[in-house]
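Structure first, commentary second.
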Amino acid sequence: MNFENVVILITGASKGIGQCLANILCKYNAKVIGVYNHTKIENAKYDTYKCNLSSEKEIVKLVNYVNEQYGRIDVVVNCAALSIDKDIEEKSGKEFLDVLTVNLVAPFLLSKYAAQYMNRGVIINLSSLDAQETFDPISMDYAASKAGLENLTKNLALRFPKIKICALAPAWVDTQTVLEMDPNYLKEQMTKHNQEKLLKKENVALKIIEMIINNDDYVSGDIVRMDGKYE
């Protein structure tokens, strides 16, 4: 697999799936731009860029930076996500809106502004099975944002027919955030969709890569589920 000279912008690259994906694509010779906000990416072998995805101005600067440095954008992968799990009595409107801003509005804006520099290309949005199932009131804002992201994916696919725009909805993944959860809560949530093992973040990253390069099995507008049958 060779991504030499392919310009790939990845949000949420400081940890989890985004970090794993950036490291793999770097080994495949891609020109990776890893986006972070609070947690700086240390010792990266690829380009890194600090951006607050809650700011439209900063997103515009990010997209312009990539175009100025590389002359185009070939792939955008929206991995960044925010969750603020609280009971409805404790969750404020601002917190609810903050989750939607990072998880839904930011992918919209990145797609909008990056599309003008993409000659065909691919956009992958990282959703979750929470968009359609495993409902839990403490994370209703997160689930709503992912459901919106899947709808957004289909509408963006119609708006930009020359760009392949898909979403990947994995089950629970072995990210550090998930591993630090209360084990009883995690087991309860995994049981909701018969998931015996956590998905490996490396396998989720490889699935994203497969969706980027495979034009036969994955077409624009697809919402691809990745359930607990994968290891």
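The values are calculated or read from the model by the stated rules, or taken from the named source; none is laboratory data. Remember, it's a predicted structure, so these values are computed and weren't measured experimentally. Note that each Cβ is placed from the backbone with ideal geometry, even for glycine, and that neighbours are counted across all protein chains shown. Remember, those area values only see protein heavy atoms, side chains included, never the ligands or the DNA or RNA. Shrake-Rupley method; radii C 1.70, N 1.55, O 1.52, S 1.80 Å.
Counting only protein heavy atoms and a probe of 1.4 Å, the accessible surface of the chain is 48% carbon and sulfur.
Placing R0 at 25 angstrom, the Cβ-Cβ distance between Q132 and T48 gives a FRET efficiency of 0.15 after rounding to 0.05. Shown here: P(r) over Cα pairs in 5 Å bins from 0, in percent, derived from the displayed model; of the candidates (i) 1, 7, 14, 17, 18, 14, 9, 6, 5, 4, 3, 2, 1, 0, 0, 0; (ii) 1, 6, 13, 15, 15, 14, 11, 9, 6, 4, 2, 2, 1, 1, 0; (iii) 1, 7, 15, 19, 22, 17, 11, 6, 2, 0, 0, it corresponds to (iii). Between the listed residues N194, Y46, I124, the Cα displaced farthest toward the positive end of the dipole of the chain, a dipole computed from Cβ unit charges relative to the Cα centre, is found at Y46.
Once Rh is set to the Kirkwood radius over Cα pairs, what Stokes-Einstein translational diffusion coefficient, in µm²/s, holds for segment 1-129 at a temperature of 20 °C and a viscosity of 1.002 mPa s? Answer, rounded: 142 µm²/s. What pairs from K31/K201; K91/K207; K162/K192; K45/K162; K40/K164 go past 26 Å between their alpha carbons? Pairs exceeding the cut-off: K91/K207; K162/K192; K45/K162; K40/K164.
Sum up the charges of everything whose Cβ sits under 12 Å from the Cβ of H38, counting Lys and Arg as +1 and Asp and Glu as -1, but leave H38 out. My count for the surroundings of H38 gives +3.
When +1 charges are put on Lys and Arg Cβ atoms and -1 charges on Asp and Glu Cβ atoms, the dipole computed for segment 107-231 relative to its Cα centre reaches about 640 debye.
Placing +1 on the Cβ of every Lys and Arg and -1 on the Cβ of every Asp and Glu, with no other charges, gives the chain a dipole of roughly 900 debye about its Cα centre.
Short to long, the 10 Å bins of the Cα pair-distance histogram for segment 187-231 hold 25, 44, 26, 4 percent of all pairs. Looking at the chain, the DSSP beta bridges with both ends there are about 0 percent antiparallel. Only helical runs count toward this figure. For the chain, summing -39,500 (n - 2.57) over DSSP H runs of n ≥ 4 and dividing by all residues gives -12000 deg cm²/dmol at 222 nm. Charge dipole (Cα centre; +1 on Lys/Arg Cβ, -1 on Asp/Glu Cβ; no other charges) of segment 1-104 amounts to roughly 380 debye. A cut-off of 5 Å between modelled amide H atoms, ignoring neighbours fewer than 5 places along the same chain, links R225 with A169. Among 67-75, 104-112, 91-99, sorting by the average number of other beta carbon atoms lying within 10 angstrom of each residue, highest first, gives 104-112, 67-75, 91-99. One Cα centroid belongs to segment 1-68, the other to segment 99-155; the line between them spans 18 Å.
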